Every structure is written in C-alpha cells, then in structure tokens.
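The values are calculated or read from the model by the stated rules, or taken from the named source; none is laboratory data. None of these values were measured; they are calculated from a predicted model. In this analysis, Cβ positions are derived from the backbone assuming ideal geometry, glycine residues included, and neighbour counts consider all displayed protein chains. These area figures cover heavy atoms from the full protein model, side chains too; ligands, DNA and RNA do not enter into them. Shrake-Rupley method; radii C 1.70, N 1.55, O 1.52, S 1.80 Å.
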Amino acid sequence: MNTTPFNTLSFPGKKNSGDSVVNGVDLSVNFAGIKAPNPFWLASAPPTDKAYNVVRAYEAGWGGVVWKTLGEEPPAVNVSSRYSAHYGKNREVIGFNNIELITDRSLEINLQEITQVKKDWPDRALIVSIMVPCNEEAWAYILPRVEATGADGIELNLGCPHGMPERGMGAAVGQNPDLIEKVTYWCKKHYSKPVIVKLTPNITDIRVGAQAALRGGADAVSLINTINSITSIDLDNMVAKPTVGHQSTHGGYCGSAVKPIALNMVAEIARDPATPTLPISGIGGISTWRDAAEFIALGAGSVQVCTAAMLNGFRIVEEMKDGLSRWMAEKGYDSTEAFSRKAVPQTTDWKHLDINFKTIAHIDQDLCIECGRCYIACEDTSHQSIAKLTEQDGARRYEVIEDECVGCNLCQITCPVESCITMVPQETGKPFLAWDDDPRNPFRVAS
C-alpha cells in the first residue's frame, strides 16, 4: 500500500471562505440532510480528483465537493489525450468534451485523503461519487469503507457515457430503470447516510430514471451527467478529437452548451407528480450566479460546477456567491429556499399554453444601428413582417409590420443591441384558451 503523505493543509493561512452569510444574505443550504455554507459545489470530475484540488476549492470558498468517482481495484487506466472543445468565433469554449474515466488513483489513497479532508473541513459538504459493477457484493464491499471516511453522503455515478458502459457500469445502469432502482436499494441497505443518484441525460425520458431512484429509496438525484458527443473532426487526418494515436471515440459533452438541456430535465423532474419533492442537485453548464439562480428556481437545492472551474479556476465561486447574494437581497429572498421551485408552476406542457396570447416586436429607432440583421432574418427565414425603408437622407429604417408579426422573437434574438427590439404583449380581447379546448384541435374532447 502506498503510504506517501498526501497534500492537504499545505497552504499557509487557511482561509475561512466558507461563511454562509454574503452581503447580508444567508446562502447556506441543507440538501437532503447535507449541510453546506452555500449551494455552489464542484461536480465529480478532474477538479475533485485528489485532496490538493479539493482543499484549494474549499479555500476559494466552494460550499461542497463531489469527490471524483471511486471504483474497484485495480484503478481505471486513462488515455492521452482526453479533452476537446466546441469553440465560438473568438475561441470561446461553448462546449467541452471529455473521454476521461473514473479515478485512476488507488481506492486506499482516495479513502485516506477523503478522511483527512473531511476532518480538516467539517463545515463543507463532501460527497463521494462511486461506480462499481452491478452486483450487490461489490456495493456491499465499498460502501462501509466510504462511510468510515466521515463523508456526508454518496453520489451514484449511473451516467458516465464512455468507457464504463461497455463494462456494464455508468450509463449502462442509468439507462435501465430496474437497475437504477436495484442499485439504489443496495446502497440504502448498506449505507446509512444520504444517497444521491446521478442521472444520465442519454435517455428518452429523464423522469423514468428519477422515479426509479425514488422507488429504490434515493434521498436525492443529481443531473445531468454528460451527453454523448463528438465535438469536431480533424479533416487533414480524418479523425475526431480528442485524438488518441490515430483513433478517437465519443465522449461526454458538458459546458454552457448543455445548460438548456439540463434546465429542461431538472424542470421535468420537479414538476412530475411522481417526484414533486425529490431533492435535485442541478448540473450542466453552470458558470455564473444567474445560471445557478435559474436552476434553483426550477427546483435545484444545490448546483454543481465543473467546466467553468476548469476553464477559469476555482475563484469564480467568489463572483457566483457575490452575484447571487446581491440579487437575492434585491429581490427580498432571505434564503435559496425562498425562491427554489418558484418557476416550476409556470412551466407546463405546450398544450396548456394560451393560444389567444399575442405579442409583437417593437424596434426602438433611437437604439437601432441600421445593421439590418432583423430584416434579413425575418425576410429570408421567417414571416416577412419587417419593412425596410429608406429616408430622404439615405439612412435605412426598419419597422415592424404589425399585422404580419406573429411574435416569434427571431428579430429580437438576432439584434446585436440589447433592448433595441422588445416584444410587446397585445390586448386581444379574447379569453384564455388552451389547445385542449381549442375548436381547431382535431383531437379535442368536448367537455
């Protein structure tokens, strides 16, 4: 056994960055019985691979950490290279692809480090991610050893989309509701602290996995894990990235590009009558305080961050805590619970939306820079509801043809000037009408 001392409290002057009160607002959370000074946690990933990283995260002010996934001995073997990215025009990383597996460090060293870190940082949440073969004996062996570390809870990695599914683990379990329920049950049987089930997005209906976890006795779920992806192709060598020798494979996609997918899946679970109070830890593209607030508003009790920390470093949590607390103070929220799930009642199925609601675009001529992007988008690809006019001095002017505008928002989205184009609700004089009751619905059932 390797008994080399691990690096934990080597930083001089350990900071107390875990104060729960920021700008007069209490950011502390109690997530499924796990207490933390704030809702910002690092997700199970390379940034949480060892004590050195975790301690740096705690010093920076993160409220919790999900330790990188532990597995059986011998540890996993990783390849080189491991990451690729989907870039915007200015090399901004929009999405991040990863083919790294679970920890490649020994179970014994990981358990030693977890024990010491939890002892040194008792006020921070420390959750251990686990993935072992799908049999009760494997779980019964590792769970008591993890519990002995003093960690606050475990997260079941049932969502890794690469490398592990072909071994019968990760997404291979997360895509099978019966196995989700069974593994969760085993964990509740052999472990006494909170059990969080991490769900895969590589599935038709995320609610099925959440319901299975709940049936198995899960204390909470976390989502989303990464999405199967290939980010790009090296057209000179005809191989995808990241390239391992002369080959590649699909990996797990994360980063800001997956946020809309993650928000929808969190909302689906939060508004599902079968899981209305199931605690949710939101994951997927969170890089700002506003992202976090949106996840909380849709039902998340904590949020987990990975890609943003990998791209910008641990200190981004300072801006997250500052921004969230200032916004909460402005809105009069004294805790995250005060606005948690507040957006859920307004999130519904398409068939329940008001068919009679109407909004049209308005262009503020004082802000317009005459670029014409709204006109081109509408004329070429939408409803031809923006007129292009030429003034006497030769200046261009764009005006909305109100009778033709359907309120699709495309012009507002394409406009480069914030608030130049706004959507203005119109008074129609018509009552609320859902599609279920619309006479034009061929499948309408008469009352």
What is the number of the single condition among (1) surrounded by 14 or more Cβ atoms within 10 Å (Cβ to Cβ); (2) among the β-branched types (Val, Ile, Thr); (3) farther than 23 Å from Val266 by Cβ that Thr390 does not meet?
(1)
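Return the residues of the stretch 205-231 that are of a type in the set (Ser, Thr, Tyr), under 17 Å from the mean Cα position of the chain (by Cα) and assigned to a loop (DSSP other than H, G, I, E, B); say none if nothing qualifies.
First, pick out the residues of the stretch 205-231 that are of a type in the set (Ser, Thr, Tyr): 222, 226, 229, 231.
Remaining after also requiring under 17 Å from the mean Cα position of the chain (by Cα): 222, 226, 229.
Across the stretch 205-231, the qualifying residue is only Thr226.
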Quick check on this structure: which one of Glu92, Glu72 is touching a residue at least 24 places away in the same chain (Cβ under 8 Å) and open to solvent by 10 Å² or more (accessible area, probe 1.4 Å)?
Glu72
Run Thr381 past the list (1) open to solvent by 50 Å² or more (accessible area, probe 1.4 Å); (2) among the hydroxyl-bearing types (Ser, Thr, Tyr); (3) more than 30 Å from Asn441 (Cα to Cα) and report the number of the one that doesn't hold.
(3)
Any residue in the stretch 132-145 that is in contact (Cβ under 8 Å) with a residue 60 or more places away in the chain sitting within a Cβ distance under 7 Å of a residue that is loosely packed, with under 13 Cβ neighbours inside 10 Å? List the pairs, counting only those 6 or more apart or interchain.
Pro133/Gly168
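Among the candidates Arg271, Arg290, single out the residue that is of a type in the set (Lys, Arg) and more than 13 Å from the chain's Cα centre (by Cα). Outline the logic, then answer.
Values: Arg290 fails: more than 13 Å from the chain's Cα centre (by Cα).
Of Arg271, Arg290, the one residue that is of a type in the set (Lys, Arg) and more than 13 Å from the chain's Cα centre (by Cα) is Arg271.
Return a yes/no flag: does the stretch 182-192 have any residue that is open to solvent by less than 10 Å² (accessible area, probe 1.4 Å), more than 19 Å from Ile114 (Cβ to Cβ) and in a helix (DSSP H, G or I). It would help to see each step written out before you state the result.
Initial filter on the stretch 182-192 (open to solvent by less than 10 Å² (accessible area, probe 1.4 Å)): 183-184, 187, 191.
So of that shortlist, the ones also more than 19 Å from Ile114 (Cβ to Cβ) come out as 183-184.
Restricting the remaining residues to those that are in a helix (DSSP H, G or I) gives 183-184.
Yes - at least one qualifying residue is present in the stretch 182-192.
Looking at the stretch 214-235 only, could you name the residues that are farther than 20 Å from Glu100 by Cβ and free of Cβ contacts under 8 Å to residues at least 24 places away in the same chain? Talk me through it step by step, then tell me what you get.
Filtering the stretch 214-235 for residues farther than 20 Å from Glu100 by Cβ gives 214-221, 233, 235.
Ile233, Leu235 - these are the residues of the stretch 214-235 that are farther than 20 Å from Glu100 by Cβ and free of Cβ contacts under 8 Å to residues at least 24 places away in the same chain.
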If the requirement is being surrounded by 13 or more Cβ atoms within 10 Å (Cβ to Cβ), over 21 Å from the mean Cα position of the chain (by Cα) and in contact (Cβ under 8 Å) with a residue 60 or more places away in the chain, which of these qualifies: Thr336, Thr359?
Thr359
Inside the stretch 95-119, the number of residues satisfying the requirement of being buried (at least 21 other Cβ atoms within 10 Å of the Cβ) and over 26 Å from Asp234 (Cβ atoms) is 6
Return the residue satisfying two criteria in turn: it lies in the stretch 1-37 and is within 18 Å of Val117 (Cβ to Cβ) and modelled with pLDDT of 95 or more, and of such residues it is surrounded by the fewest Cβ atoms within 10 Å (Cβ to Cβ).
Lys35
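Quick check on Asp403: is it surrounded by 10 or more Cβ atoms within 10 Å (Cβ to Cβ) and among the acidic types (Asp, Glu)?
Details: surrounded by 10 or more Cβ atoms within 10 Å (Cβ to Cβ): no; among the acidic types (Asp, Glu): yes.
Criteria not met by Asp403.
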In the stretch 199-213, what count of residues is obtained for those that are crowded, with 22+ Cβ neighbours inside 10 Å and either more than 20 Å from Ile99 (Cβ to Cβ) or among the aliphatic types (A, V, I, L, M) (or both)?
6
